[in-house]
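Since the structure comes first, as structure tokens, the remarks are kept for the end.
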């Protein structure tokens, strides 16, 4: 009886110690995919849904890095089934709530995806519903598991910084080459601005792939969900994720605009930054009203 | 013949009253399931419609499927199958049932999609004969609370005295809450349907090219060159959709 009690206590103690360790984030999880709601309640504005997509440079050699290299707002109008992707260069100089002014990617360092979302809401006037943040390993893992994404290249892309080595034509990019593509900037004439635009093109390529698979088999949405959940920690209920996937699969890539906000290069002190041009306000207004670009 | 007694008269009167009353009741209060309106069929009379060909499979699989998951999926597939049959039978054979089925089976958002898609047949069709009806249902392997279905129905009939045939491919996405399945997403691709002609395997390619045009071929060519502008024989709302 005493031996049994000791055994039971030992078992409970083992479980109590082990289970939190199993759930603890490790080096690779820091670079996986996370997602959540920006506001406590999901309330689409007149049938429009906006998702903040963040690419950070966390990786297994540098798991705690939290600089946002990719910042996009994807919008969808559920009534017309059209949408748009609005891209923000990472060096955009903005006012960060509670932290003065700085580069927009610093908002992620100061306050995580929530602060970045609120910063963008303040700039654009758009109510953002969800955020999704992707690190290097999570990005590569998801793209590989989905079988790659097809992108058309009018010109070859060779970038020493990212390691991209892609010939002209329509290419199927696997996990590694997709990451190289979305990171490439040194070989681009417009540098980081061009990189932002390419990242938007990649998102549209992903959408085109989803829609193509769903056209053959609508249950493909469930496979995409399973792959995402394998690499992700989601604070979004599975039902909402399913609904978002179903909506996304009904949008044609031709009906999604890809726009990078107009900016001009300047300096803030000694730091090289870009400032938002005044004509960006018209883009924000149109996007806010219609979720289309 | 002796006249019936009073008691017998009363009995005959009561029987007649019951018969007349039952007839009036059936006329005023339609028979059916509970309060359901009577089904009005637009099917071709005396024609047997083909059986549904329905397959079910686990969906969202990235690892192996356990036996318990398979059982759960089969159970939910058995719950889903009659609902999907009822929906498309209503769309093609019992149009007066569509509103009721949709109200019970669709979410508000999906109902808007259904109405916007103009799925189904025009009002004045008759003599509907279904050529083929198939469904492929995938049930989510994790929890069996989400599913997706691809349904194809090919039907022909009469519209204002003219024959037509239509193919409809519908995609449905379903979610289960509190043991009830609801359609949360719906999209449709509907277009006129023509049976594909079989190639003549006995003849060589050259013979096929050089042969005199058949009567069917001549009719096809005259139809193609018809510039009268008459509308194509199709169901209302028929259009094709590309991904």
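The values are calculated or read from the model by the stated rules, or taken from the named source; none is laboratory data. Note that the coordinates shown come from a computational prediction; the quantities given were computed from them, not determined experimentally. Note: ideal-geometry Cβ built from the backbone for every residue, glycine included; neighbour counts use all protein chains shown.
Scanning segment B:172-197 for residues that are within 19 Å of residue B:155 (Cα to Cα), within 14 Å of another protein chain (Cβ to nearest Cβ) and out of contact with any helix residue (DSSP H, G or I) (no Cβ under 7 Å at 6 or more places or on another chain) yields one hit, B:189.
Among the residues of segment A:224-239, those that are in contact (Cβ under 8 Å) with a residue 40 or more places away in the chain, within 11 Å of chain B (Cβ to nearest Cβ) and touching a strand residue (DSSP E or B) at 6+ places or on another chain (Cβ under 8 Å) comprise A:228, A:231. As for segment B:118-130, it holds no residue that is within 14 Å of another protein chain (Cβ to nearest Cβ) and under 17 Å from the mean Cα position of the chain (by Cα).
Does segment B:87-105 contain at least one residue that is within 14 Å of chain A (Cβ to nearest Cβ) and either in contact with a helix residue (DSSP H, G or I) (Cβ under 6 Å, 6 or more places away or on another chain) or touching a residue at least 24 places away in the same chain (Cβ under 8 Å) (or both)?
no
Under the condition of being facing another protein chain (nearest Cβ under 8 Å) and surrounded by fewer than 23 Cβ atoms within 10 Å (Cβ to Cβ), the residues counted in segment A:209-222 number 4. Scanning segment A:124-142 for residues that are at pLDDT below 95 and assigned to a helix (DSSP H, G or I) yields A:136, A:137, A:138, A:139, A:140, A:141, A:142.
For segment B:141-164: of the residues being away from every other protein chain (no Cβ under 14 Å) and without any contact (Cβ under 8 Å) to a residue 40 or more places away in the chain, which is nearest to residue B:52 (Cα to Cα)? Per the stated criteria, the residue is B:154. Tell me, please, whether a residue that is more than 14 Å from every other protein chain (Cβ to nearest Cβ), part of a helix (DSSP H, G or I), modelled with pLDDT of 90 or more and surrounded by 17 or more Cβ atoms within 10 Å (Cβ to Cβ) can be found in segment A:272-281. Taking every residue of segment A:272-281 in turn, at least one turns out to be more than 14 Å from every other protein chain (Cβ to nearest Cβ), part of a helix (DSSP H, G or I), modelled with pLDDT of 90 or more and surrounded by 17 or more Cβ atoms within 10 Å (Cβ to Cβ).
Within segment B:131-139, is even one residue more than 10 Å from chain A (Cβ to nearest Cβ), modelled with pLDDT of 95 or more, surrounded by 18 or more Cβ atoms within 10 Å (Cβ to Cβ) and under 22 Å from residue A:242 (Cβ atoms)? Yes, segment B:131-139 contains a residue that is more than 10 Å from chain A (Cβ to nearest Cβ), modelled with pLDDT of 95 or more, surrounded by 18 or more Cβ atoms within 10 Å (Cβ to Cβ) and under 22 Å from residue A:242 (Cβ atoms).
Filter segment A:261-271 down to residues that are within 22 Å of the chain's Cα centre (by Cα) and touching a residue at least 40 places away in the same chain (Cβ under 8 Å) and give me whichever is surrounded by the most Cβ atoms within 10 Å (Cβ to Cβ).
Here the answer is A:261.
Modelled with pLDDT of 85 or more, within 14 Å of chain A (Cβ to nearest Cβ) and part of a loop (DSSP other than H, G, I, E, B): does that describe residue B:77? So residue B:77 fails the test. The listed residues are B:72, B:51, and the only one of them that is within 30 Å of residue B:120 (Cβ to Cβ) and at pLDDT 85 or above turns out to be B:51. Each residue in segment A:251-263 was checked for being within 14 Å of chain B (Cβ to nearest Cβ) and either at pLDDT below 90 or assigned to a strand (DSSP E or B) (or both), and 1 pass. Residue-level check: of (1) over 30 Å from residue A:211 (Cβ atoms); (2) buried (at least 17 other Cβ atoms within 10 Å of the Cβ); (3) in contact with a helix residue (DSSP H, G or I) (Cβ under 8 Å, 6 or more places away or on another chain), residue A:98 misses just (2).
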